[in-house]
């Protein structure tokens, strides 16, 4: 192909048509961004095979004088997605932004664009350069072990992250390439002094020993050292139990969440909070929900292949059922996909389902807006603490109804998707109200026993 594939603007129109943009003004901004880029490409007579960073730098440099940085970054993202579309349609050879990201192993496309906006793009791009995945001396061992464990049916995602972080450390310290694995692990353990890092190093050592044993069965397995995990457990922060007033505040903020470009987002966040608090769902479970998993007529929700590969059908409380009904109606009016396998929580900006990361970002932002969590950092209450609050509230309801909570723990474990009640016990946080209810139950039981023994002499 010797010419830019869209001199007449028809491809841009076709691309904007399939985006299904909800805001009436969005097509105007999208078209403006794409046409300005197209003008630079045609003016500089760039062919699809010659699209490189030069045309990006030219476009960014010219319009940096007209647009604020935030606007320019947003329109660069529009151009980036359009270039991906052209690649998918086989209209151009490659996306230069994607090429630069792959070359420097950068974390995001946005970082590439920011680097091209700097006075010295070469230096900025070089600063972004990341190590290639599993490029260390132990890279093949770790990559093959991850593939083996996942082929056996394990998710093995957490362990893969351990391996990835250790691999990056080894690539940054090539002088350790000839050392024994134990020496490498000692240097990795000394890199950070936190208790969590020490516990991760111990788990990593055991996983590496298992990988070496699979490669060479004569290798002796490593004896586990429980001390790092015990140290972490001593400093494990106490779960935060949300009060009813705080939950109401969170729901009110979610209802009025500012989202001019995505009108469906406020009610989506509201429904997520309801399901987290009223049904104890994990963030990953929210992200994996499909439209077919909701049965409002029966009043159930199906959680499929979640943690520990367990599936379960949960009855919904009236409040959760009502919130889901309202959300489904708003989702239908937003012209979201209605196929059974489509994501329940649908994002109208990208015509895709919410990921667990995007759900976490939105809900944490609500916590910060409510003043429950600090403006920055990972300290303070978590979204997962809503699951703890669900457990405590359920036990309180049993106490008030005169039901023995101990007899109900197996049912609660099944509802939460736990393997056994031992995992459920971790979620039982002693609050003042829960302690009062337990004391009252014991007082009633003890009083009954004393009355039963009146007049009876041993």
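The values are calculated or read from the model by the stated rules, or taken from the named source; none is laboratory data. None of the values given here were measured: they were computed from a predicted structure. All Cβ positions, even for glycine, are placed from backbone atoms using ideal geometry, and neighbour counts span all protein chains on display.
Quick grid of which residues meet (1) surrounded by 16 or more Cβ atoms within 10 Å (Cβ to Cβ); (2) assigned by TED's automatic domain parsing to the domain that holds residue 361; (3) over 20 Å from the mean Cα position of the chain (by Cα):
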| residue | (1), (2), (3) |
| --- | --- |
| 258 | no, yes, yes |
| 272 | yes, yes, no |
| 280 | yes, yes, no |
| 286 | yes, yes, no |
| 294 | yes, yes, yes |
| 305 | no, yes, no |
| 322 | no, yes, yes |
| 325 | no, yes, yes |
Given the conditions (1) surrounded by fewer than 20 Cβ atoms within 10 Å (Cβ to Cβ); (2) modelled with pLDDT of 90 or more, report the number of the one that residue 238 does not fulfil. (2)
Do we have any residue at all in segment 317-335 that's closer than 25 Å to residue 425 by Cβ and not in a helix (DSSP H, G or I)? yes
If residue 1 passes every condition in (1) within 18 Å of residue 90 (Cα to Cα); (2) modelled with pLDDT of 80 or more but one, which one does it miss? (2)
Does segment 314-336 hold any residues that are at pLDDT 90 or above and farther than 16 Å from residue 271 by Cβ, and which are they? 315
Single condition residue 184 does not satisfy, out of (1) surrounded by 11 or more Cβ atoms within 10 Å (Cβ to Cβ); (2) under 24 Å from residue 143 (Cβ atoms); (3) free of Cβ contacts under 8 Å to residues at least 12 places away in the same chain: (3)
Mind counting the residues in segment 327-339 that are surrounded by 14 or more Cβ atoms within 10 Å (Cβ to Cβ) and over 11 Å from residue 291 (Cα atoms)? 3
Could you pull out the residue among 366, 372, 359 that is outside any helix (DSSP H, G or I), assigned by TED's automatic domain parsing to the domain that holds residue 281 and in contact (Cβ under 8 Å) with a residue 40 or more places away in the chain? 372
On the basis of being free of Cβ contacts under 8 Å to residues at least 24 places away in the same chain, under 23 Å from the mean Cα position of the chain (by Cα) and outside any helix (DSSP H, G or I), does residue 218 make the cut? no
Keeping to segment 93-108, report how many residues are in a helix (DSSP H, G or I) and surrounded by fewer than 19 Cβ atoms within 10 Å (Cβ to Cβ). 5
